[in-house]
Every structure is written in structure tokens, then in C-alpha cells.
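Bear in mind that the values in this text are calculations on the coordinates, not laboratory data. On a predicted model such as this, the values are computed, not experimentally measured, just so you know. With ideal geometry, Cβ positions are generated from the backbone for all residues, glycine too; neighbour counts draw on all protein chains shown.
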Amino acid sequence: MSSPVTTRRRLFAGAAVAVALLGPAACSTSGGEGADASTTTAAAETTTAAPTTESRELTILVTNDDGVAAPGINTVVEALRALPDTTVIVAAPAQNQSGSGGRTTPGGAPASPATTSGGYEATAVAGFPADSVNWALDGGVAERPDLVVSGINLGQNIGKLVDVSGTVGAARAAAARGIPALAASSGLADAPDFDTAAELVVAWVQEHRAELLAGGAEATVENLNVPTCTAGEVKDVLEVPVDTVSDVPIVPTDCSASGPTPALDVAAFNAGYAPLSVLSVQPGG
């Protein structure tokens, strides 16, 4: 298994760099030591009186298709819980529902209290992944989430596997209801690298946080797949389209190999990149 990512991937670097650059500037004044104290005080009062969206809690609904007790969902839940000013709600299938795509239960599926494998409060929905999202949005949770994270799935959901993936199906169910969604999967292995996948999910959330809180994020579906490396480390996150033609070899990923930058998700994943693809809300679109 690869070691956790130790540097922020270029795709997600912008927000962190911007915050770092703005920090010192926020502490300076243009007037130097002779600046009008009353002006400074008034500015501070104005800032206090008009809080930005950054002061509001970000609410994330987490689901999956491996089941509420699966290790992947527990890893990403714990990673997201560590973010400041973030509320994490978990509603996931009671049992493994891999390969169920966007299927739903007519009339909805019943739900009952549960916990993740780490003991975090959750709801187990006796149906498909999309049922879990619909249950939450149809009144199962008190607050409409700003984002739905589906995963972390055991096994990559790339290429031809995308439309049959329950992980993706849950994300599409959220986007169909007007909520941005991120599906996340880790490369199939005896010891899948959920930690690296969770780190990249957190980085994605940090990059998009302000937009999500402002309500300006389009209700899209993004699909992130993170290899479990047998050698080397996961390369950059790579924004690429889905390969709808090639077969998806389920083999261990050698992340140390070099070569030209791949153009599609299957090749990117097999070369050790973490492909990120924007999907249609409906399968085959």
C-alpha cells in the first residue's frame, strides 16, 4: 500500500495557497503607525457585523454502496469530521449494494439507527445507495446538506464501470436533487489505500468549501478514483474524461512507472494518477 500523500496535489493547491498569502496582508494597514484608530475600529466592527459564508457550518451527507459498516466510509467520515466548522451526517445502505447503479426501491426504503465501524452515529437504509440519499433528502435529516460524498468505495469505478457503480449512483441521486456530489473510490487490493483517498477527498472539500457554502456550486457529479500503489506513490490528481471504450483491468497499480500524461480515466488510473472526471447526472449522458 502506498504511503499517505504528503504534499497537496496541484489541482487542490489554490485555496490553501490563497489563504497563506492573504494571512499577512490581513494584519497590515495602509496608513502605518499614524493610521486613524477610529477607522480601524469601524472596519473591525463592520467585519464582525457582516459574517461571511466561511463562518457557517458546512454540512456533508456521506453515503456509499459497500454498506454502512464498511471500512472505507468510516475512513472518510473520520477525515471529514476533523475539518473545522463541518457537520457530517451518515446515511448508507444496511448491506453491501455494490453494482446497483442508480436503482431505487419503489415507495422508498426503511431506515434504522446504526453506527460506522468506528462508532460514529449513522442511519442504515434497507435499500440501495440512491435510496439512502433520497431518504435523507425526503426528510430523514433535519438540514439539507451542502454536499454529498459517496464512498470511499472498495474498488475503482472508472471507464465502463461508472454507470453500474452504486457509489456513482448515489452521487447522481444527489445531483438530480440539486446537491453537488463527489464519488470517491480506492483501487481494489487486499489492503486498499483508503487513507490517501480520504486525504484527497478532504482536499477537494477544502478547495470547494467557499463555493459550496455560498450556494453557488453547480449540482454536478465528480468521480475521484485513487489507486492503491504497489510501488511509488499516487501521482497528481488528473482531470480527465471517462474512457467509455477500453476495458478496465483489475490489476495492482505500479505508481512508479513514467510516461506521457494519459488523456482518459482508465489509462490515468493504471499509470498511478488519481483521475477526477465530471459525470453526467444521468447514466450514459
Task: Estimated inter-spin distance, Ala210 and Ala257, nm [label 7 Å along Cα→Cβ] - done: 3.9 nm
Task: For Ala183, net neighbour charge (Lys/Arg +1, Asp/Glu -1) across residues whose Cβ lies under 10 Å away - done: -1
TODO: In whole Hz, with x marking every Gly and Pro, tabulate ³J(HN,Hα) for the range 146-157 from phi via Karplus 6.51 cos²θ - 1.76 cosθ + 1.60, θ = phi - 60°.
DONE: 7, 8, 10, 10, 10, x, 7, 6, 7, x, 5, 10
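Only loop residues by DSSP count here, and only those with at most 14 other Cβ atoms within 10 Å; note down the GluC sites (Glu not before Pro) in the range 129-208 that meet that.
Numbers: sites: Glu143, Glu199, Glu207; in loops: Glu143.
Here the sparse-neighbourhood loop sites are Glu143.
If we sort 79-86, 96-103 on the protection proxy, mean other Cβ atoms within 10 Å, highest first, what's the order?
Working: 79-86: 14.6, 96-103: 19.0.
With the highest mean Cβ count within 10 Å placed first, the list reads 96-103, 79-86.
Between beta-carbons, use under 11 Å as the cut-off and find the net charge around Ala136, counting Lys and Arg +1, Asp and Glu -1. It would help to have the intermediate numbers written out before the result.
On the way: positive: Arg144, Arg177; negative: Asp131, Asp138, Glu143.
Net charge around Ala136: -1.
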- [ ] Note the full-extension length gain between Thr105 and Thr244 as 0.36 nm times their separation in residues minus their Cα-Cα distance, in nm to one decimal.
- [x] 47.3 nm
Open item on the list: Modelling each spin label as a point 7 Å along the Cα-to-Cβ direction, I'd like the Ala217/Val164 distance in nm, to one decimal.
Closed with: 3.0 nm
Open item on the list: What is the sum of charges, Lys and Arg at +1 and Asp and Glu at -1, for the other residues whose Cβ falls under 11 Å from the Cβ of Val242?
Closed with: -2
Open item on the list: 7 Å from Cα along Cα→Cβ at both Gln282 and Asp190: what's the point-to-point distance in nm?
Closed with: 4.5 nm
Task: In order through the range 237-242: 3J(HN,Hα) via Karplus (6.51 cos²θ - 1.76 cosθ + 1.60), integer Hz, x for Gly, Pro - done: 5, 10, 7, 9, x, 6
